[in-house]
Amino acid sequence: MMTSEIRETSPPIAAGIWIAVISSFINGSTFVLQKKGILRSRKRGGSYLRDGVWWSGTLAMIVGQMGNFLAYNAAPAVVVTPLGALGVLFGAVLASYVLQEQLNVLGKLGCVLCCSGSVVLIIHSPESESVTSSLELEERLADPVFVTYSLLVVILLVVLMVWVAPAHGTSNIMVYVSICSLLGSFTVTSSKGLGLAAQGAFSGGPSSSRALALFLVLLGTLSVSVLIQFTFINKALEHYSSNMFEAIYYVTFTSTVLIASAILFREWTAVGLVDCLGMVCGLTVVAVGVLLLRISSEASLTWKQTAKAPDKRD
């Protein structure tokens with residue numbers, strides 16, 4: 001039977017979905033506010049670390065990430081992550097007012113597709129996951145497939161941050177996007193795992209010491225990943241428009257998170273063929289939506305540059 005019967009969804013999962021929706025709107029404002037702060041500080045010739053608007057965007061990011069943490073521990077990651085499309089929608093609308101990045105027809109269509117795709121993903125989402133305790137989580141973390149995946153991600157991140165970013169980060173947006181998205185493999189899985197590890201760490205059982213050690217490792221991994229993400233997000237916003245970065249970042253971030261979640265938590269095992277096809281269609285619709293937003297942003301930028309260029313005709 002299809003998992004699309006969301007009317008039977010348990011209260012914790014329903015609460016997680018609502019938290020994810022609210023967090024998406026909050027997260028949608030972060031890039032816009034931080035970009036605004038960067039532009040304001042650039043005009044003044046100072047550092048954006050002294051700009052109040054930039055700090056408001058940073059505060060919104062912290063609140064949004066806290067909401068994501070709660071959502072990931074109440075609902076499957078394959079449900080929470082795609083809901084970030086709502087943040088893309090809100091960010092595009094907010095950018096049109098705060099940054100004067102106006103949406104054309106393609107941009108508006110992209111926003112509609114983002115919302116539509118998110119609804120499809122929720123309808124066909126899984127209702128449960130197979131990892132329910134810290135002991136099971138330890139077994140999954142030690143799985144050779146996940147260990148191999150994690151090592152490959154770490155190696156790729158080192159190459160991107162040490163060699164590629166200094167040379168090509170300011171000329172190719174995919175460098176910063178790739179770094180931030182690959183880090184999502186650790187931030188989301190750590191957030192999800194922290195909830196499971198906390199249950200065993202603070203239960204007072206015989207395995208509480210092992211669970212506490214796992215909890216601290218996951219917390220450290222989450223903290224380091226978030227700090228590095230934060231650094232490279234601001235580097236990207238210094239050189240690229242918020243709409244373009246957020247749209248591409250959302251697609252790549254969602255893809256890496258879904259892969260990591262599928263490997264570690266095996267949330268796909270509860271999805272039937274029909275629901276699997278439905279989720280693929282939903283993600284495809286979302287991807288097309290954010291692609292249209294990117295095209296819209298590039299078209300607007302080209303128009304502005306053409307309008308500002310001096311007329312060379314005599």
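When you go through (1) at pLDDT below 85; (2) out of contact with any helix residue (DSSP H, G or I) (no Cβ under 6 Å at 6 or more places or on another chain); (3) exposed (fewer than 15 other Cβ atoms within 10 Å of the Cβ) one by one for S128, which number turns out not to apply?
Only one criterion in (1) at pLDDT below 85; (2) out of contact with any helix residue (DSSP H, G or I) (no Cβ under 6 Å at 6 or more places or on another chain); (3) exposed (fewer than 15 other Cβ atoms within 10 Å of the Cβ) is unmet by S128, namely (2).
It is to be established whether one or more residues within segment 14-28 are at pLDDT below 90, assigned to a helix (DSSP H, G or I), touching a Leu at 6+ places or on another chain (Cβ under 6 Å) and open to solvent by 40 Å² or more (accessible area, probe 1.4 Å).
yes
Please state which one of F215, F265 is at pLDDT 85 or above, buried (at least 17 other Cβ atoms within 10 Å of the Cβ) and not polar (S, T, N, Q).
The unique qualifying residue is F215.
Which condition number does G46 fail, the rest of (1) at pLDDT 75 or above; (2) of a type in the set (G, A, S); (3) part of a helix (DSSP H, G or I) being met?
The number of the failed condition is (3).
All but one of (1) modelled with pLDDT of 75 or more; (2) farther than 21 Å from K108 by Cα hold for A287, so report the exception by its number.
For A287, the failing item is (2).
Please verify whether S116 is over 15 Å from the mean Cα position of the chain (by Cα), at pLDDT 75 or above, open to solvent by less than 30 Å² (accessible area, probe 1.4 Å) and among the polar types (S, T, N, Q), treating the condition exactly as stated.
Spelling it out, it is not the case that S116 is over 15 Å from the mean Cα position of the chain (by Cα), at pLDDT 75 or above, open to solvent by less than 30 Å² (accessible area, probe 1.4 Å) and among the polar types (S, T, N, Q).
Only residues in segment 39-62 that are under 23 Å from I26 (Cβ atoms) count as the first member; pair them with residues that are acidic (D, E) and surrounded by 15 or more Cβ atoms within 10 Å (Cβ to Cβ), Cβ under 7 angstrom, at least 6 apart or cross-chain, and list the lot.
Going by the 7 Å Cβ cut-off, the qualifying pairs are R40/D51; S41/D51.
If I go through segment 79-104 residue by residue, how many of them are at pLDDT below 80, part of a helix (DSSP H, G or I) and either open to solvent by 30 Å² or more (accessible area, probe 1.4 Å) or of a type in the set (S, T, N, Q) (or both)?
Counting residues in segment 79-104 that are at pLDDT below 80, part of a helix (DSSP H, G or I) and either open to solvent by 30 Å² or more (accessible area, probe 1.4 Å) or of a type in the set (S, T, N, Q) (or both) gives 3.
Might you let me know whether segment 227-239 holds any residue that is open to solvent by 20 Å² or more (accessible area, probe 1.4 Å) and free of Cβ contacts under 8 Å to residues at least 12 places away in the same chain?
yes
Out of all the residues in segment 56-78, is one or more open to solvent by less than 10 Å² (accessible area, probe 1.4 Å), closer than 28 Å to I295 by Cα, modelled with pLDDT under 80 and out of contact with any Pro (no Cβ under 6 Å at 6 or more places or on another chain)?
Within segment 56-78 (the criterion being open to solvent by less than 10 Å² (accessible area, probe 1.4 Å), closer than 28 Å to I295 by Cα, modelled with pLDDT under 80 and out of contact with any Pro (no Cβ under 6 Å at 6 or more places or on another chain)), the answer is yes, since at least one residue qualifies.
Determine, yes or no, whether L151 is surrounded by fewer than 18 Cβ atoms within 10 Å (Cβ to Cβ) and part of a helix (DSSP H, G or I).
The answer is yes for L151.
Looking at V162, is it of a type outside the set (D, E, K, R) and open to solvent by less than 40 Å² (accessible area, probe 1.4 Å)?
No.
Tell me whether segment 187-202 contains one or more residues that are open to solvent by less than 20 Å² (accessible area, probe 1.4 Å), over 21 Å from G67 (Cβ atoms) and modelled with pLDDT of 80 or more.
no
The values are calculated or read from the model by the stated rules, or taken from the named source; none is laboratory data. Every value quoted in this text rests on a predicted model; they were computed, and no experiment measured them. Methodologically, a virtual Cβ is constructed for each residue, glycine included, from the backbone with ideal geometry; neighbour enumeration extends over all protein chains shown. Keep in mind that these areas ignore ligands, DNA and RNA; they rest on the heavy atoms of the full protein, side chains included. Shrake-Rupley method; radii C 1.70, N 1.55, O 1.52, S 1.80 Å.
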